[in-house]
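Here the structure is laid out as structure tokens; the discussion comes afterwards.
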Amino acid sequence: MADLGVYGLIALVGAVVTLVINPLARRISVRIGYSAEPDERKVHQVVTPYGGGGAMFVGFCVALLAALLFPVTRAVIFGSKEMFGVLLATGVMFVVGVLDDFRDMSAPAKVGGQVLAATVLYFSGCTMYQLKLPFAGFIVLGPSVLPIITAIWVFALSNAINLIDGLDGLAGGIVAIASGTLCVYGLRLEELGFLPTSNVGPLIAALTFGICVGFLRDNFHPAKLFMGDAGALMLGLLMSASTMVIGGRTAPAGGVTFFFFAPLLIPVFILGVPLTDAIWAFTRRTISGQGFHTPDKNHIHHRLMRLGHGHRRTVLILWLWTALLCGFVLFPLFYPSTNVFLPAALAVMVVGLFTWSSPLLTRQRRAERAAYESETQS
């Protein structure tokens, strides 16, 4: 992967610019009252300024300009209008997030903004073309369903990142690990000839990785700056764009197993933690008759903290889970012989994760602990 160094430099530019902008974004946020107030459903106990989303957006734009200095990435940018569509859609999602941070938008309005960003991606051509389904082969997506699938993809990933953004450094770290993995994955596919070198996915992933790394210094516990919905929705948009153009365009790989039935499963695994949390949140709130956007304190990170893990330890545990899941994506590309062991290892991971953080088992453990404490006191 000869171009990995170039993409690494672009990511470095994004990280440095975001890091430098963070203090300025913090001061501006404090001055205009753009801050997160503590309440009963939030973990943080002090007023913390937003503005991290703005710093990351500036870092993204500057790093994209820096990409024009390198012939390989300049050809990717000007090879189609997709990268310009990504920039415009990112701006749309950032504005939607800022408005939500300030005014707490209604769910329909928020979804409308996400659909608008997805529409921009679709008309710029930044979307998937096909799906590889287990036992069904490749299915080419027609123009009648492609806009709907694009909107669903953007909605799912954007809200998954937004929901997991409940602890200092959690969302930023998870997206950094996932986007870094996706960049390497895309470049490796290019090297193997299964993805054209003009694909914008690795560049989007490298930019996303850089701005997340630059943001983490001021966001790790105790955080000096939050990304807010502006940052979370923006990162979700970038991850949806990069996964669509990599996972939805990989050529048929005769005789090569890309993580079982990948690329369909790429985003499912590299973003396994936030997607699992989003599915549980949707199920939980639907059963209780609540709206999907109704906040609560029953997310994965909340459960881990109730099990006795501290703030930083909970974040590190979920980072490690994300890194482990990303390893399942990368290993088959570099070491094809590991494919035979992955199903069993995956089954062990799923059972372990369910046993550890299942809502039913967590509730049972709390009941047993309460009963034990009651007997001890009596």
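The values are calculated or read from the model by the stated rules, or taken from the named source; none is laboratory data. Just so it is clear, the model here is predicted, and its values are computed rather than measured. With ideal geometry, Cβ positions are generated from the backbone for all residues, glycine too; neighbour counts draw on all protein chains shown.
The figures follow:
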quantity	calculated
Scan of segment 143-168 for residues that are more than 18 Å from LEU233 (Cβ to Cβ), touching a Phe, Trp or Tyr at 6+ places or on another chain (Cβ under 9 Å) and surrounded by fewer than 24 Cβ atoms within 10 Å (Cβ to Cβ), ordered by number	LEU146, PRO147
LEU189 in a loop (DSSP other than H, G, I, E, B), farther than 22 Å from VAL62 by Cα and either within 10 Å of the chain's Cα centre (by Cα) or hydrophobic (A, V, I, L, M, F, W, C) (or both)	no
Unmet requirement for SER144, which otherwise passes all of (1) in a helix (DSSP H, G or I); (2) polar (S, T, N, Q); (3) without any contact (Cβ under 8 Å) to a residue 12 or more places away in the chain	(1)
Of all residues in segment 77-113 being polar (S, T, N, Q) and either at pLDDT below 95 or not in a helix (DSSP H, G or I) (or both), the one that is nearest to VAL30 (Cα to Cα)	SER106
Residue tally, condition in a helix (DSSP H, G or I) and surrounded by fewer than 17 Cβ atoms within 10 Å (Cβ to Cβ), over segment 120-131	1
Residue among PRO252, PRO202, PRO274 that alone is modelled with pLDDT of 80 or more and at negative phi	PRO202
Residue match in segment 73-90 (condition: in contact with a helix residue (DSSP H, G or I) (Cβ under 9 Å, 6 or more places away or on another chain) and free of Cβ contacts under 8 Å to residues at least 12 places away in the same chain)	yes
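Residues checked against (1) on the phi > 0 side of the Ramachandran plot; (2) in contact with a helix residue (DSSP H, G or I) (Cβ under 9 Å, 6 or more places away or on another chain); (3) not charged (D, E, K, R):
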{"site": "PHE70", "(1), (2), (3)": "no, yes, yes"}
{"site": "VAL115", "(1), (2), (3)": "no, yes, yes"}
{"site": "GLY125", "(1), (2), (3)": "yes, yes, yes"}
{"site": "VAL140", "(1), (2), (3)": "no, no, yes"}
{"site": "VAL145", "(1), (2), (3)": "no, no, yes"}
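Yes or no, residue by residue, for (1) closer than 23 Å to ALA156 by Cβ; (2) part of a helix (DSSP H, G or I); (3) of a type in the set (Val, Ile, Thr):
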residue: ILE174; (1), (2), (3): yes, yes, yes
residue: ILE177; (1), (2), (3): yes, yes, yes
residue: LEU182; (1), (2), (3): yes, yes, no
residue: PRO196; (1), (2), (3): no, no, no
residue: THR208; (1), (2), (3): yes, yes, yes
residue: ILE211; (1), (2), (3): yes, yes, yes
residue: LEU216; (1), (2), (3): no, yes, no
residue: MET234; (1), (2), (3): yes, yes, no
residue: LEU238; (1), (2), (3): yes, yes, no
